[in-house]
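Report on one structure; see the data block that follows.
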Ligand SMILES: C[S@@+](CC[C@H](N)C(=O)[O-])C[C@H]1O[C@@H](n2cnc3c(N)ncnc32)[C@H](O)[C@@H]1O
């Protein structure tokens, strides 16, 4: 969805604009020193994570009503409470830690830990892997305030542990892992990258060298001659594969917006899924005010599931956020607060509606779960409808 004009979005403050200009200059210098062209994945990496300047690396408010977007943990503590019921099942059976990737404001960690404590299933440690130094500090401050007596259990780590036992959770992390853009134009598949022009940043395609990206681009782009732009996220797959390999025993859950491959690489989805968030509006221009907006792409859950299996894990479920939360016991949690609450009434309450409503986050967001060394039915998928990850898993269809 291209921007009609910059004035369609709220203007930034002079300080924010100056910050964005500094990041734009930093990116332009990187482009100049890296051969006057960088892959889109490199642009996304710089725009989001350039030290001190990128969207996630600098101090702008991102989450919540005053930020650019709102995530499920920010909507209601019920989200974390459902994950606590799920995590409790695993921690009770296997012991171990909770590892959260990309904890954002820290509110999910604080709520999850509170519920785990109430349930009597406190993890050995609550590990937080956060790439943004600014967000780490915010998480630390919030958790110190909410859990002063247990602060020593919270451990911020710089890289994935070699061995993981327990529960791994990543909400809205894979969608901000820099992705490659591949583009078929005039019948030829190339990689889309970024150049500097007099008018600012612009897309330009370059030949794809032989390798995994070229192979994958050829495999996912639907047959035909028409123009088709899409994403392949080898870095997100590598992250999932590493976690799956490191998981000795436990469950990993990835929650995000995305599709299985047959929906993602549908012939009609020919413009890709890159989506930018700025002050609760979304659009498709990643060059708009770099550093002041989030840049995301949907997740190809089939690719993530394959990566998990390559890491030796077993796929335990792929379903919608709504099914997962309900299967964990969302209705029970709400009715514990209000015994007259039923599932149909639940959908009407605004926070719950935002979490499970089909036109809100309930169906757009999916949960992918994989495990190792745990063979009981997994709570969140137990009574959930499982979605197909491959076309041949759909009755009556073949790939
Ligand atoms: C969209 S925010 C989601 C925050 C939080 N999970 C929530 O739901 O509110 C993405 C988070 O992932 C972090 N992040 C991005 N890439 C990461 C990576 N490779 N490992 C760990 N964290 C990452 C970002 O810094 C940010 O905290």
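The values are calculated or read from the model by the stated rules, or taken from the named source; none is laboratory data. Source: prediction; values computed, not measured. Positions of Cβ are backbone-derived with ideal geometry, glycine not excepted, and every protein chain shown enters the neighbour counts.
Let's see how each residue does on (1) within 16 Å of residue 152 (Cβ to Cβ); (2) within 15 Å of the ligand (Cβ to nearest atom):
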{"position": "101", "(1), (2)": "no, yes"}
{"position": "109", "(1), (2)": "yes, yes"}
{"position": "123", "(1), (2)": "yes, no"}
{"position": "128", "(1), (2)": "yes, yes"}
Looking only at the range 120-137, which residues are over 29 Å from residue 48 (Cα atoms) and either modelled with pLDDT under 95 or touching a strand residue (DSSP E or B) at 6+ places or on another chain (Cβ under 9 Å) (or both)?
-> 123, 124
Can residue 321 be described as more than 18 Å from residue 374 (Cβ to Cβ) and within 15 Å of the ligand (Cβ to nearest atom)?
-> yes
Residue 99 being touching a residue at least 40 places away in the same chain (Cβ under 8 Å), surrounded by 23 or more Cβ atoms within 10 Å (Cβ to Cβ) and closer than 25 Å to residue 40 by Cβ | no
Considering the range 11-65 alone, what residues qualify as being assigned to a loop (DSSP other than H, G, I, E, B), on the phi < 0 side of the Ramachandran plot, over 24 Å from the mean Cα position of the chain (by Cα) and modelled with pLDDT of 95 or more?
-> 34, 37
Those strands (runs of 3 or more DSSP E) completely within the range 236-311 that have 2 or more residues that are within 21 Å of residue 87 (Cβ to Cβ) are 247-259
Does residue 181 satisfy the condition of being more than 9 Å from the ligand (Cβ to nearest atom) and closer than 22 Å to residue 236 by Cα?
-> yes
Restrict the check to the range 138-146 and report whether at least one residue is under 24 Å from residue 367 (Cα atoms), surrounded by 17 or more Cβ atoms within 10 Å (Cβ to Cβ) and out of contact with any strand residue (DSSP E or B) (no Cβ under 7 Å at 6 or more places or on another chain).
-> no
Quick one: would you say residue 209 is surrounded by 12 or more Cβ atoms within 10 Å (Cβ to Cβ) and not in a strand (DSSP E or B)?
-> no
Can you run down the residue pairs with Cβ atoms below 6 Å, 6 or more apart or on separate chains, where the first is in the range 65-76 and closer than 14 Å to residue 278 by Cβ and the partner is in a strand (DSSP E or B) and within 7 Å of the ligand (Cβ to nearest atom)?
-> 68/294
Any residue in the range 232-243 that's touching a residue at least 40 places away in the same chain (Cβ under 8 Å) and closer than 18 Å to residue 221 by Cβ: show its pairings with residues that are assigned to a helix (DSSP H, G or I) and near the ligand (Cβ under 10 Å from one of its atoms) at Cβ separation under 8 Å, as long as the two are six or more apart or on different chains.
-> 233/174
Restricted to the range 66-81, and to residues that are more than 8 Å from the ligand (Cβ to nearest atom) and outside any loop (DSSP other than H, G, I, E, B), which residue is farthest from residue 332 (Cα to Cα)?
-> 75
Filtering the range 252-266 down to residues that are more than 17 Å from the chain's Cα centre (by Cα) and touching a residue at least 12 places away in the same chain (Cβ under 8 Å), which residue is farthest from residue 310 (Cα to Cα)?
-> 266
How many residues does the range 236-250 contain that are over 17 Å from the mean Cα position of the chain (by Cα) and either buried (at least 20 other Cβ atoms within 10 Å of the Cβ) or within 19 Å of residue 174 (Cα to Cα) (or both)?
-> 4
